[in-house]
Amino acid sequence: MHSANDRLILHCDLNNFYASVECVEHPEWKNVPLAVAGNPDKRHGVILAKNELAKKKGIKTGDTIWQAKQKEPALLCVPPHFSEYMRYSKQAFEIYTRFTSQVEPFGPDECWLDVTASTRLFGTGKQIADAIRETVKKETGLTLSAGVSFNKVFAKMASDLQKPDATTLVMRTSYRKVLWPLPVSDMLMVGKRTAEKLQKLNIFTVGDLAAADRAVLRSHFGVMGEKLHEYANGQDNEPVREYVQKRAEKSVGHGMTATRDLNVYADAEALITYLSDKVAQRMRKQNVRASGVALGLRSFELKHITRQKILPRATCAAADIRAAAVTLLHENWSEDPPLRTVTVSAFDLSRLDAVQMGMFDDTSAAKAENLEKALDAIRRKYGEHAVYRAGIEGADFIYDKNDDEDFLPFQR
């Protein structure tokens, strides 16, 4: 039963995306256990994706190649082809936009759709999800799992319940029965460490989390504890953003999959510092300032969130971007689950020459921008590595990459 006042949200998740693309491109691999493995020099030969046959052998995303080969000696490991994955991703997203303009990417293989206004044209949430699944299968050869619910968190959890190639409904009348018995680790952004801490508070299931004392959760987990309580009770009201294909014109972003997992604030903040610097440099090169900052976090378990913040004033200074991103980090992550990929983006762009500084504006903002322009000049003259920000040098998890390499495996 769908309440008239509820939103209708879909979460679409392309099954075993990288591995599935490889099998569509190479039909001869469809009946062999296959895994896509990252560059050994970058992530120590980590499994990025596996097909259903490999999954049945117990191979998990995040295993090292040697761990995976112990489980299945006949495993075929192939290198990633990110340009191909993005081509298939764009095809899938084009299909999604036939059903609604509100399509929010959650990486190249996942997204949310708000189809509340689409029911008159395309039928019920289940009918829309099934139509999308069939269209994607027919036009790309890929399968997807779809979750249908009244908010983003529950739609995402619903899509995880049946894989591959299925539609699962979790509505207001059924979420307590369907989701509350699940282990609390199935909740978005609950990693192993958070799950262990929750279990010490006798919180073992999503239902336990929903019934827990909000003040107790806040005292142990800060703001994130309150958010998890809201999520478990179906109180996630975050809207699905409009899909803009030419996102590069709307935002400037940089992300990185670290060479090891990050599980302390100091490491995550150092990576944010590095990324904020890259974003600010690009903005000055494009002659723009931004009025908002977004932070994307993808965990060791490959769960992902994106959060954003409006700035008090438009800026192209790395220090301002970093400050906003670090605030978002502390509001949405409690050093668990371990982070694998971090993305910093600046959005709501305006031309530098179109932004008027008011007479009462903080002059320190202009000073910060001028200082960073001076750093740009030093780098142009003496090379990118001539100047480092404090806290970055010596960080063993950061590897330098040029802009052309910015394929960001888990980011759209």
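The values are calculated or read from the model by the stated rules, or taken from the named source; none is laboratory data. No experiment lies behind these values; they were computed from the predicted model shown. Reconstructed Cβ throughout: ideal geometry from the backbone, glycine too, with neighbour counts over all protein chains shown. Ligands, DNA and RNA are stripped out before the accessible areas are found, and what is left, the full protein with its side chains, is counted by its heavy atoms. Shrake-Rupley method; radii C 1.70, N 1.55, O 1.52, S 1.80 Å.
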For the range 250-277, how many residues are over 18 Å from the mean Cα position of the chain (by Cα) and β-branched (Val, Ile, Thr)?
2
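Among the residues of the range 170-187, write down those that are outside any helix (DSSP H, G or I) and open to solvent by 10 Å² or more (accessible area, probe 1.4 Å).
Within the range 170-187, the subset outside any helix (DSSP H, G or I) is 170-174, 179-183, 187.
Of everything in the range 170-187, those that are outside any helix (DSSP H, G or I) and open to solvent by 10 Å² or more (accessible area, probe 1.4 Å) turn out to be Met171, Arg172, Thr173, Ser174, Trp180, Pro181, Leu182, Pro183.
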Given (1) closer than 25 Å to Thr306 by Cα; (2) surrounded by fewer than 18 Cβ atoms within 10 Å (Cβ to Cβ), identify the lone condition not met by Ala131.
(1)
When you scan the range 311-335, how many residues do you find that are open to solvent by 10 Å² or more (accessible area, probe 1.4 Å) and over 20 Å from Asp236 (Cα atoms)?
11
Picking from Val170, Val216, which residue would you name as being touching a Gly at 6+ places or on another chain (Cβ under 7 Å) and in contact (Cβ under 8 Å) with a residue 12 or more places away in the chain?
Val170
Answer with yes or no whether Glu104 is of a type outside the set (S, T, N, Q), open to solvent by 10 Å² or more (accessible area, probe 1.4 Å) and not in a loop (DSSP other than H, G, I, E, B).
no
Within the range 188-210, residues being within 18 Å of Val223 (Cβ to Cβ) and part of a helix (DSSP H, G or I) number 6
What is the one condition in (1) more than 19 Å from the chain's Cα centre (by Cα); (2) of a type in the set (Gly, Ala, Ser); (3) in a helix (DSSP H, G or I) that Ser83 does not satisfy?
(1)
